[in-house]
Ligand code: ATP
Ligand code: MG
């Protein structure tokens, strides 16, 4: 079945506090991501960026305020419907102690070997197909991946999942400038026609985003396009 069409997402006065914390991680956040828009989310470490992204996936629910997708509260969607509507490239990529195939299939259980191999080529991970191909063992007891390879693997998973919305948490964190360029160019290509929310520390390339949102201390302190800010 075709992936659902891109839909608008809205945070309406959303506050969220982790149970052990005294201060809220998100404090009355209001933000709209229009369908098909590319939004960059910036701010100092610990300001709440990853938390905002995780609330969208319903890893947690806000204590007050509401998040909507296509005008309906997230809670009204089934877990499957929500999963089908967004692909996530998390800040910390998890590698399973399993075959390369199984590390990819968790994003798209029905994908054929040919599609897995194609996707690996698309993200520049063809090297992993040498030796035992998709049967190569990764993680504990097998091949470990470099930071850049792990990022590419996460992007491959997101591509296989193929949802209309792509949530990226620092997709180039810790990478050298050349690898960063390659990954950003790749993302540019594969996110055409998708709604994109990208958390980034990097100030170059922001002109390509429709909306730039700056957070501090759990709040949105600035937003606008490149020319306005
Ligand atoms: P960074 O740029 O370093 O990734 P961030 O902007 O993504 O930072 P968050 O990870 O959203 O920040 O964290 C916001 C606040 O919530 C921080 O004070 C952090 O310590 C706290 N926090 C994050 N995750 C948890 C958690 N699982 N349990 C408790 N507190 C958390
Ligand atoms: Mg973070």
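Where a number appears in this text, it was derived from the coordinates with a stated rule and is not lab data. Being a predicted model, the structure only gives us computed values, none of them experimental. Counting neighbours? That spans all protein chains shown, and the Cβs are built from the backbone with ideal geometry, glycine included.
Computed on the chain, with alpha-carbon pairs under 8 angstrom and 6+ residues apart, the relative contact order is 30 percent.
Scoring 37-46, 54-63 by mean Cβ neighbours within 10 Å over their residues and listing the highest first yields 37-46, 54-63. Annotation: peptides 215-221, 171-177, ranked by per-residue average of other Cβ atoms within 10 Å with the highest first, follow the order 215-221, 171-177. Ordered by the count of other Cβ atoms within 10 Å of each Cβ, fewest first, 134, 159 give 134, 159. Shown here is the pair-distance distribution of region 1-125: with all Cα-Cα distances grouped in 5 Å bins from zero up to the longest one, the shares run 2, 8, 16, 19, 17, 15, 12, 8, 3, 0 percent. Taking 2.2 N^0.38 Å as the expected size of a compact globular protein, what ratio does the Cα radius of gyration of the chain give against it, to two decimals? Taking the Cα Rg and dividing by 2.2 N^0.38 Å, one obtains 1.03. Could you pull out which residues in region 172-211 have an amide N less than 12 Å from a spot 7 Å beyond the Cα of residue 146, following the Cα-Cβ vector? It comes to 175-180, nothing else. Relative protection proxy for 79-87, 18-26, from highest mean packing down: 79-87, 18-26 (other beta-carbon atoms within 10 angstrom).
Only helical runs count toward this figure. For the chain, summing -39,500 (n - 2.57) over DSSP H runs of n ≥ 4 and dividing by all residues gives -7500 deg cm²/dmol at 222 nm.
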